[in-house]
Amino acid sequence: MDEEYDVIVLGTGLTECILSGIMSVNGKKVLHMDRNPYYGGESSSITPLEELYKRFSLPDSPPETMGRGRDWNVDLIPKFLMANGQLVKMLLYTEVTRYLDFKVVEGSFVYKGGKIYKVPSTETEALASNLMGMFEKRRFRKFLVFVANFDENDPKTFEGVDPKSTTMRDVYKKFDLGQDVIDFTGHALALYRTDDYLDVPCLETVNRIKLYSESLARYGKSPYLYPLYGLGELPQGFARLSAIYGGTYMLNKPVDEIVMEGDKVIGVKSEGEVARCKQLICDPSYIPDRVRKVGQVIRVICILSHPIKNTNDANSCQIIIPQNQVNRNSDIYVCMISYAHNVAAQGKYIAIVSTTVETSEPEAEIEPALELLEPIDQKFVAISDLYEPTDDGTESQVFASRSYDATTHFETTCNDIKDIYKRMTGTDFDFENMKRKQNDVFGEDEQ
């Protein structure tokens, strides 16, 4: 281990593994360490089920009705991939897709007045939806057509809207959309967690709705994908990429000290040895003195023996409860997957509820979501602190990732990856830099 590396990475969360993959593909010498004996850090999938019971300090072991423990791979952080989003692009460019299989999530639903409805995201669905009245449907359809045709480089498509100054609130007024439609457009299509977006220029919101409909157009049922065997497969796929390009991996490796010289990182000390480096990437848990707490997320993993009511018995779905519907500032999310994704025993479903904590009683905050899931066989409650770096790494060359937020997709994680890449290299992130530079070793070409 007493060697000099270009980059040392601490923690094998998804953010860290993607960055270590990109750095290796770009010819950097990378050492990747994790104090845990497994991959994934915060974003791992726990197997067997007995391990999940232990992790949450439940006194009993799983009852026999839960089936075989090793049939379970339970994600600690619930997220889906947008079919046309940045993470899928990263997977395609690096060809990490060859290590993974994906299924389309069967539906996206939104909560209104205690009931759940399918999110209408095409013109046909909008016209058939029970979420709005006849005239509202026509206005919403006009709005969807405007968004579909909108091109920020072609003023002819603006229809009197200035993407850099017109607020989203004014765009909604222009199309005369009512509060319920605004709720599901902002929260279930543009996927905002709060209503802050209403008073800023509309360009980002319009592009987010476009991303949703383009993702939906790829596979039809919903805009989301999910990997078989759980999200823990994602960091492992990128770790494998890094290893093919010469990256060194060490799990179960305690980190005793990050060695600094003046204000700059020069290495990492572990079990008496020092590995030297020019730059360091890590998750917040490795450098508590260089991050600040910015909030909390509550996540409740629920094991069910039935699909969720009113979802047409979908074996996977997302439900968004817009904050307005339950008098909150931020949305509550439900991600549900099942035995169909090789993450649970036959006939079992895993629903994970998550939201940003707003009160001193987080469990009471998610009650509306838990009511949709009844009866629940077993729940596991986790309240996690959210951290962001206080040091941008310019001087210290220490680059910390942000904690995984309450959103149910990976777009914010990808933005963090692009931001760290730019600070490390001084150049804008370019997907072309992720392309493999050589034919794979280990005979993988033949597959």
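The values are calculated or read from the model by the stated rules, or taken from the named source; none is laboratory data. As the structure is a computational prediction, the values presented were derived from the model and not from experiment. Here Cβ is always computed from backbone atoms with ideal geometry, including for glycine, and neighbour counts include all displayed protein chains. Side chains included, ligands, DNA and RNA excluded: accessible areas come from the protein's heavy atoms. Shrake-Rupley method; radii C 1.70, N 1.55, O 1.52, S 1.80 Å.
Give the stretch 78-100 a look and list any residue that's in contact with a Phe, Trp or Tyr (Cβ under 8 Å, 6 or more places away or on another chain) and not β-branched (Val, Ile, Thr), or say none.
Within the stretch 78-100, Pro78, Lys79, Phe80, Leu81, Met82, Ala83, Gly85, Gln86, Leu87, Lys89, Met90, Tyr93 qualify.
Hey, can you tell me all the residues within the stretch 122-165 that are in contact with a Lys or Arg (Cβ under 8 Å, 6 or more places away or on another chain), in a loop (DSSP other than H, G, I, E, B) and open to solvent by less than 80 Å² (accessible area, probe 1.4 Å)?
Ser129, Leu131, Phe150, Val161
So, in the stretch 84-104, exactly how many residues are closer than 23 Å to Ala188 by Cα and either polar (S, T, N, Q) or crowded, with 23+ Cβ neighbours inside 10 Å (or both)?
Going through the stretch 84-104 one residue at a time, the tally reaches 2.
Out of the residues in the stretch 203-217 that are among the polar types (S, T, N, Q) and modelled with pLDDT of 90 or more, which is surrounded by the fewest Cβ atoms within 10 Å (Cβ to Cβ)?
Asn207
Just to be sure, is Val343 touching a residue at least 60 places away in the same chain (Cβ under 8 Å), open to solvent by 50 Å² or more (accessible area, probe 1.4 Å) and of a type in the set (A, V, I, L, M, F, W, C)?
no
Within the stretch 253-267, identify whether any single residue is assigned to a loop (DSSP other than H, G, I, E, B), buried (at least 16 other Cβ atoms within 10 Å of the Cβ) and either in contact with a Leu (Cβ under 9 Å, 6 or more places away or on another chain) or not small (Gly, Ala, Ser) (or both), and answer yes or no.
Checked against the condition, which is being assigned to a loop (DSSP other than H, G, I, E, B), buried (at least 16 other Cβ atoms within 10 Å of the Cβ) and either in contact with a Leu (Cβ under 9 Å, 6 or more places away or on another chain) or not small (Gly, Ala, Ser) (or both), the stretch 253-267 yields at least one hit.
For the stretch 166-199, give me each residue that is within 23 Å of Asn327 (Cβ to Cβ), out of contact with any helix residue (DSSP H, G or I) (no Cβ under 7 Å at 6 or more places or on another chain) and surrounded by fewer than 18 Cβ atoms within 10 Å (Cβ to Cβ).
Gln179, Asp196
Please pick out the residue among Thr390, Thr427, Thr394, Thr413 that is in contact with a Leu (Cβ under 9 Å, 6 or more places away or on another chain) and either of a type in the set (Ser, Thr, Tyr) or open to solvent by 70 Å² or more (accessible area, probe 1.4 Å) (or both).
After ruling out the rest, the residue left standing is Thr413.
With a cut-off of at least 3 residues that are within 24 Å of Asn433 (Cβ to Cβ) and in contact (Cβ under 8 Å) with a residue 40 or more places away in the chain, name the strands (runs of 3 or more DSSP E) lying wholly within the stretch 1-117.
By residue number, 4-10, 30-33.
Pull up the stretch 353-369, narrow it to residues that are part of a helix (DSSP H, G or I) and in contact (Cβ under 8 Å) with a residue 12 or more places away in the chain, then point me to the one that is nearest to the chain's Cα centre (by Cα).
The residue in question is Ala369.
Can you tell me which condition Gln438 does not meet? The list is (1) at pLDDT 95 or above; (2) open to solvent by 60 Å² or more (accessible area, probe 1.4 Å); (3) over 22 Å from the mean Cα position of the chain (by Cα), and all the others hold.
(1)
Kindly list, by first and then second residue, each pair from a residue in the stretch 218-232 that is over 27 Å from Thr47 (Cβ atoms) to a residue that is surrounded by fewer than 16 Cβ atoms within 10 Å (Cβ to Cβ), limited to pairs with Cβ atoms under 9 Å and residues at least 6 apart or on different chains.
Pro223/Glu214; Pro223/Ala217
Pull out all pairs, ordered by first then second residue, where Cβ-Cβ is under 6 Å, the residues are six or more apart or on different chains, the first lies in the stretch 370-389 and is over 20 Å from Val297 (Cα atoms), and the second is open to solvent by 30 Å² or more (accessible area, probe 1.4 Å) and part of a loop (DSSP other than H, G, I, E, B).
Asp377/Ser305
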